[in-house]
Amino acid sequence: MIHVGVDLHQRFCYMTALEARGKIVQSGAVTNEKVALRKYFRQFRGQAVQVAVEACGFWPAFREVVEPEVKRLVLVHPQRVKAIASAKLKNDRVDSETLAHLLRCELLPESWKADQGLRSPVTDLFGKRGRFWLAGVKLPEQARESVQACLRMIDHYGEEIQRQNLQLSEKAKQDKRAQWLQTIPGIGECSAMMLLAEIGDIGRFGSQEALCSYAGLVPRVRESAGKAGRGGITRQGSSWLRWIMVEAAQVATRCSPAAKHYYERLLRKKHKHVARVALARKLLIAVYALLHHGVVFEEENFAAR
């Protein structure tokens, strides 16, 4: 009998194979691909093989390939096995070897292996194509009713969201500030109203730097022994305001030549995420200028500043 302990990761797994007396027969990493996994277990042809793997989010795909190749596949309860095999040193090799030894000694707390069910061929299961696929799937009567109940709830939530969006749109049309904000690239009705809600009275902020600091879009400053260093952004303050501006920056690079030019100029020296955050901060400065001074957004001047 060959006992195989598997430390499973998303892209690969580390396997340790033991013979009946506990001697290591084979140990190493294997890519999580059908051909590689089948090749690994078929090297033990003529011998009974049992496998232990901890339950995780992507174990069903491993099971689908491996279970037909071995005599027994044990799904292990991860929390209970940690209580049994507490170790100071933990890595892929140690974990897989520990599982193999516990499997050999029949000391593993086994978990129930649920039916794998069906895999959706589309990303959005509740979109148009996903619903068409669901309608054609053969399901037991109770399962079909559960699916229909979920679809009815999703439709109800969709109606509520649409109603809220219409109300928000009406408020945006009635608020001059929201209409002004929408002249800034990347800012629509929803983001304009969120900006007004998060900023409140613009008079609270004495400068554009204060507003950027409130959004957490300014660099950290560390001072020690008379020396100052700058790090990443603080991420302090309103996380919603920061999120709105980063999303606006992403859209602005596609719809505004000035924003795109500014972003691409930064890309020559900085990582794309850093460049996007810098653009978000620059757009927030435009928001401050508009709300505080009534200065409208000007494409021709934006990238030059």
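The values are calculated or read from the model by the stated rules, or taken from the named source; none is laboratory data. Owing to the predicted nature of the structure, the values given are computational and were not obtained by experimental measurement. Cβ coordinates were reconstructed from backbone atoms using ideal geometry, including for glycine residues, and neighbour counts include every protein chain displayed. To get the accessible areas, we keep the full protein, side chains included, count just its heavy atoms, and leave off ligands, DNA and RNA. Shrake-Rupley method; radii C 1.70, N 1.55, O 1.52, S 1.80 Å.
Key figures for this structure:
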| item | result |
| --- | --- |
| Among K71, K173, K138, residue whose mean-square fluctuation peaks in a GNM of the chain (springs only between Cα atoms under 10 Å) | K71 |
| Accessible area per residue in Å² at 1.4 Å probe, computed on the range 92-151 | 72 Å² |
| Surface accessible to a 1.4 Å probe, per residue, for the residues of the range 27-81, Å² | 53 Å² |
| Ranked packing of 15-22, 274-281, most packed first, by mean Cβ within 10 Å | 274-281, 15-22 |
| Per DSSP, loop GluC sites (Glu not before Pro) in the range 251-305 with at most 13 further Cβ within 10 Å | E298 |
| For the range 236-305 versus the range 118-149, the gap between their alpha-carbon centres in whole angstrom | 42 Å |
| Accessible area (Å², 1.4 Å probe, nearest 10) - F302 | 10 Å² |
| Solvent-accessible area, 1.4 Å probe, carbon plus sulfur percent, for the chain | 52 percent |
| Å³ per residue enclosed by the Cα convex hull of the chain | 243 Å³ |
| Degrees, to the nearest 10: 92-104 long Cα axis against longest axis of the chain | 40 degrees |
| Among S27, A178, A135 the positive-end extreme of the charge dipole of the chain (Cβ point charges) | S27 |
| Nonlocal amide H pairs with V25, under 5 Å, H built at 1.01 Å | A17, L18, E19 |
| Folded to 0 to 90 degrees: helix 239-255 orientation relative to the chain principal axis, Cα | 80 degrees |
| Overall form of the range 1-92 per C-alpha gyration tensor (a/c, 1.5; a/b vs b/c) | oblate |
| Subset of K176/K282; K128/K272; K128/K173; K34/K113 violating a 24 Å alpha-carbon distance limit | K128/K272; K128/K173 |
| Protection proxy ranking, peptides 183-191, 140-148, 46-54, average beta carbon neighbours within 10 Å, highest first | 183-191, 46-54, 140-148 |
